[in-house]
Each structure stands twice: as structure tokens, then as C-alpha cells.
Amino acid sequence: MKVKGIKIVEGTSADKEQLTESFQHFNDKNIIKNRADCYLSHNNTILAKDGNRIIGKILWYIKEDPNFGVVEFEELYVYDDYRKKGIGSELLRISIEAVCDHFNQLGIKPRRIFLFVDENNQSARKLYEKFGFECIANLGHLYSENNNYLFYILDLEKTN
Ligand SMILES: CC(C)(COP(=O)(O)OP(=O)(O)OC[C@H]1O[C@@H](n2cnc3c(N)ncnc32)[C@H](O)[C@@H]1OP(=O)(O)O)[C@@H](O)C(=O)NCCC(=O)NCCS
């Protein structure tokens, strides 16, 4: 990482207020209010912090039966002023490591991580591909009528 003093940590209830602020793009007060709670209670939240300030985040959670060893990544985000300094890469690297550690500790083989990304989001696509994610399907207008979404998978059995 090219920025000194940035740390990558697991989100806790102490981060709730700042996390809530980071969901303003949802434009719905109820969703915004519940989202941080959901993040911190049901999912795994990894944060990049400059001092006490959140400047990046990613969420991961286990899909279906934990024995499948499958995880979804969501909401990778680095705040504007901090982009292109390696923070997104570090969030991704640590999250992949956390997923593998989690399953290994349970005696379950980590198998796949998947995510959805807008076809036009070249920076995110390049980043995922750098970590070995592969685009395996075009899902068309999944979240909006204007954009195509791609389904990316990281095969942990190939990389470990
Ligand atoms: C995508 C995002 C998380 C990248 O974060 P970042 O901290 O800037 O990423 P890094 O500095 O670690 O860059 C990692 C790689 O991403 C790619 N990348 C990042 N910014 C890029 C840009 N503007 N154009 C092209 N590639 C880019 C490069 O491959 C880069 O690797 P390199 O430095 O070896 O060339 C950030 O741009 C962001 O938050 N975007 C808005 C939210 C978003 O689109 N999230 C993804 C949702 S699926």
C-alpha cells in the first residue's frame, strides 16, 4: 500500500455511525438505518481506516450451506481521495485471506468467492482480475435497465 498509516481492520459496533453515513447513496432512510446493523451483525465487514476514519470497505458473507465453502463479496469501496494507492487491493487481499482462514478453521475446504460488477466498471474489473477472479457470465440488466452486470468467480481450489 502506498499510503502510510492506513490500517485494515474488522468492523465492529463502534463503526456503526460512520458505516451508516457511508450508505447515503441508498436514498431510503429505513434501508440506510438498517444496513449498518445488518453489516455488523450478520456479515463480515472489513474496513480501511485512516486514523479512526473509515476510508474504504468490503463486505463478505457465506452463501447457502457453509459446507459448500462459497462466499459472496459486496460493496468494495474506496473513498475518492484514497483511490489508486493500493487500498482496494489490500481490502481484497485481506478479505480473501479471511475467507480461507474462516473455512480452514472449520475444517471446510474454501471453494469459491463470487461477486457482481457493472460491465463498464473497468477499474473494479481490472482489480478483480488481478486477484484471479474470472468473468464467467453476463447477467444482463440485473440491477438496472441501463447497465449490464457480470458474474465473477474466484476459484480458491485453483489459487490455494
Ligand atoms: C474499484 C476501487 C475499489 C479500486 O480501489 P483502489 O484503492 O483505487 O484500487 P488499487 O489502488 O488497489 O488498484 C488496484 C488495481 O485496480 C485497477 N485500477 C484501480 N483504479 C483504476 C483506474 N482508475 N483505471 C484502471 N484500473 C484501475 C488497476 O488494475 C490497479 O492495479 P495496478 O495499480 O497494479 O495497476 C475504487 O476505484 C472504488 O471504490 N470505486 C468505486 C466503487 C466500486 O466501483 N466498487 C466496485 C463494486 S463491484
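Spot the failing condition for V70; the list is (1) closer than 25 Å to K130 by Cα; (2) surrounded by fewer than 15 Cβ atoms within 10 Å (Cβ to Cβ); (3) not basic (K, R), and only one is missed.
(2)
Residues to consider are E75, E90; find the one that is assigned to a helix (DSSP H, G or I) and acidic (D, E).
Numbers: E75 fails: assigned to a helix (DSSP H, G or I).
Going through E75, E90 in turn, just one is assigned to a helix (DSSP H, G or I) and acidic (D, E): E90.
Out of (1) farther than 17 Å from I8 by Cβ; (2) out of contact with any Lys or Arg (no Cβ under 8 Å at 6 or more places or on another chain); (3) of a type in the set (A, V, I, L, M, F, W, C), the odd one out for V117 is which?
(2)
Among the residues of the stretch 138-160, which ones are hydrophobic (A, V, I, L, M, F, W, C), touching a residue at least 24 places away in the same chain (Cβ under 8 Å) and in a loop (DSSP other than H, G, I, E, B)?
L142
Here's the yes/no breakdown for (1) in contact (Cβ under 8 Å) with a residue 12 or more places away in the chain; (2) exposed (fewer than 13 other Cβ atoms within 10 Å of the Cβ); (3) in contact with a helix residue (DSSP H, G or I) (Cβ under 8 Å, 6 or more places away or on another chain):
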position: S13; (1), (2), (3): yes, yes, yes
position: K16; (1), (2), (3): yes, no, yes
position: K29; (1), (2), (3): no, yes, no
position: T45; (1), (2), (3): yes, no, yes
position: D50; (1), (2), (3): yes, no, yes
position: I58; (1), (2), (3): yes, no, yes
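Of a type outside the set (G, A, S), more than 15 Å from the ligand (Cβ to nearest atom) and surrounded by fewer than 18 Cβ atoms within 10 Å (Cβ to Cβ) - does that describe any residue in the stretch 77-92?
No - not one qualifying residue is present in the stretch 77-92.
Filter the stretch 110-131 down to the residues that are more than 8 Å from the ligand (Cβ to nearest atom) and part of a strand (DSSP E or B), then identify the one that is surrounded by the most Cβ atoms within 10 Å (Cβ to Cβ).
So, considering only residues that are more than 8 Å from the ligand (Cβ to nearest atom) and part of a strand (DSSP E or B), the one surrounded by the most Cβ atoms within 10 Å (Cβ to Cβ) is I113.
Which of (1) free of Cβ contacts under 8 Å to residues at least 24 places away in the same chain; (2) more than 13 Å from the ligand (Cβ to nearest atom); (3) not in a helix (DSSP H, G or I) is the odd one out, the single condition C135 does not satisfy?
Exception for C135: condition (2).
We did not get these values from a lab; they are worked out from the coordinates using the rules stated. It should be emphasised that the depicted structure is a prediction, and the values quoted were computed from it without experimental measurement. Every residue, glycine among them, receives a Cβ derived from its backbone with ideal geometry; neighbour counts consider all protein chains shown.
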